[in-house]
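Novice: Here's a structure for you.
The values are calculated or read from the model by the stated rules, or taken from the named source; none is laboratory data. What you see is a predicted model; the values in this text were computed from it and never measured. Positions of Cβ are backbone-derived with ideal geometry, glycine not excepted, and every protein chain shown enters the neighbour counts. What goes into the accessible areas is simple: the full protein's heavy atoms, side chains included, and nothing from ligands, DNA or RNA. Shrake-Rupley method; radii C 1.70, N 1.55, O 1.52, S 1.80 Å.
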Amino acid sequence: MKKTYSLFILMILFPYVFLCSDQKLSQKTKIADHQECVVLIHGFLRSSNHLKNLSNFLIEKGYYVVSIDYESTSMSIPEIADSNLSNLEDFCKNQKIHFVTHSLGGIILRSYLKRNQIKHLGKIVMLSPPNKGSEVSDFLSKFKFINLILGPVLSQLKTDQDSYVNSLGLPNFQFGVIMGNLTIDPISSYLIPGDDDGKVSIENSKLENMNDFLLVERTHNFIVDAPEVKEAILNYFKFGKFKNE
């Protein structure tokens, strides 16, 4: 039984084991007058490289892009938020600041904005956010050695009503959610009731006051590079909805 559990856990964790990143906030050039800023926040055990194609797309469309990198296994969600988002206005100056977040990145932003304000806050797009937690976190957080490896964030993303993510309440900013409905991770999907993207259920990505919702045929990790997702993000920034119809 222990060997079976160990194999089960390793199969869930394998795609992420070598993807931890160092903390940094990167943008080489200065923002121009009247140029809108987009801040990208990657997901758990990822890095800004995961959002590189999206960053290039937005830069080509004329946005000033700031990519945040954070180490996700040593700090809690509020600690990650405060240490990485507090100086954004130094980069974006007095221009409008939009956000695109992936997975945990959305919860980090929600945590920060629950306790802080950002001047000139624009629109926010969350890709595959575990807004009500993930059953994968429920399962993995049962094991002490996994908690030691993955840090405090793991248990904060549980689906329990008293977990950190479910204590945040509804956001008080304009946001839309884009979620995938495909999975290439049958082990994780086995743990998740209903339709999912391999890490998060479609239902748990939703919040009742989201401004728009788009479901695409993509998996949790590959949703960030999908052409239809990039266009939807652009539409949302311009028109406040994912499809300009």
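Novice: ASP195 to ASN147: FRET efficiency via 1/(1 + (r/R0)^6), r the Cβ-Cβ distance, R0 30 Å, to the nearest 0.05?
Specialist: Values: r = 28 Å, r/R0 = 0.94.
That gives a FRET efficiency of 0.60.
Novice: Further question: Please check which bits of region 133-153 a label hung off LEU215 would reach, taking the label as a point 7 Å along Cα-to-C-beta and the cut-off as backbone N under 18 Å.
Specialist: Counting only backbone N, you get no residues.
Novice: Stick to the Cα atoms of region 105-159, pair each with every other, and give me the Kirkwood hydrodynamic radius in Å at one decimal. The partial results should precede the final answer.
Specialist: Values: mean 1/r = 0.0788 Å⁻¹.
Computed over region 105-159, the radius equals 12.7 Å.
Novice: Per DSSP H run of at least 4 residues, take -39500 (n - 2.57); add these up for the chain, divide by its residues and hand me the 222 nm value, nearest 500 deg cm²/dmol.
Specialist: Working: 11 runs with 87 residues, N = 245.
After summing the helix terms and dividing by residue count, I get -9500 deg cm²/dmol.
Novice: Rank these by accessible area, largest first, 1.4 Å probe: HIS34, HIS220. Provide the component values of the computation, followed by the final result.
Specialist: Details: HIS34 170, HIS220 10 Å².
The ordering from most to least exposed comes out as HIS34, HIS220.
Novice: To continue, here is another question. What percentages make up the Cα-Cα pair-distance distribution of the chain when the bins are 5 Å wide from 0?
Specialist: Here the calculated profile for the chain is 1, 6, 14, 20, 21, 18, 11, 6, 3, 1, 0, 0, 0.
Novice: Would you mind getting me the FRET efficiency between ASN49 and GLN161? Use the beta-carbon distance for r and R0 = 41 Å, nearest 0.05.
Specialist: On the way: r = 35 Å, r/R0 = 0.85.
Efficiency for this residue pair is about 0.70.
Novice: Could you work out which residue, out of ILE80, ILE107, ILE41, moves most in a Gaussian network model of the chain, that is, has the largest mean-square fluctuation with Cα springs under 10 Å?
Specialist: With Cα springs under 10 Å in the chain, the top fluctuation among ILE80, ILE107, ILE41 is at ILE80.
Novice: A follow-up question, please. Checking understanding here: applying a Kyte-Doolittle mean of at least 0.5 and a length along the axis of at least 24 Å (C-alpha), which whole DSSP H helices in the chain pass?
Specialist: Values: long enough: none.
Helix filter hits for the chain: none.
Novice: Could you provide, to the nearest whole Å², the per residue accessible area of the chain with probe 1.4 Å?
Specialist: Details: 11760 Å² over 245 residues.
Heavy-atom SASA per residue in the chain reads 48 Å².
Novice: Separate question: Just subtract the alpha-carbon distance of LYS30 and ASN56 from 0.36 nm times their residue separation and send over the number in nm, one decimal. Kindly include the intermediate steps, with their values, before the conclusion.
Specialist: On the way: separation 26, 0.36 × 26 = 9.36 nm, distance 1.60 nm.
Taking LYS30 through ASN56 to full extension adds about 7.8 nm, to one decimal.
Novice: Taking θ = phi - 60°, what integer Hz values does the Karplus form 6.51 cos²θ - 1.76 cosθ + 1.60 yield along region 32-47, in sequence order, with x for Gly and Pro?
Specialist: 8, 4, 6, 8, 7, 9, 10, 9, 9, 10, 6, x, 4, 6, 10, 9
Novice: Still on this structure, I have one more. Report the GluC sites (Glu not before Pro) located in region 39-116 that are in a DSSP loop and have at most 14 other Cβ atoms inside 10 Å of their Cβ, or state none. Numbers along the way, then the final one.
Specialist: Numbers: sites: GLU60, GLU71, GLU79, GLU89; in loops: GLU71.
Within region 39-116, no GluC sites (Glu not before Pro) qualify (loop, at most 14 other Cβ atoms within 10 Å).
Novice: What is the spin-label model distance, in nm, from PHE173 to ASN116 if the labels are put 7 Å beyond Cα along the C-beta direction?
Specialist: Between PHE173 and ASN116, the label points sit 1.0 nm apart.
Novice: Once both labels are modelled 7 Å past Cα along the beta-carbon direction, what's the PHE239-LYS93 spacing in nm?
Specialist: 3.0
Novice: I would also like to ask the following. Ignoring ligands, DNA and RNA, please state the percent of accessible area on the chain from carbon and sulfur, probe 1.4 Å.
Specialist: 52
Novice: Taking 8 Å as the Cα distance limit and 6 or more residues as the minimum spacing, I'd like the relative contact order of the chain as a percentage. Walk me through the numbers before you get to the answer.
Specialist: Values: 484 pairs, mean separation 41.7, N = 245.
Result for the chain is 17 percent.
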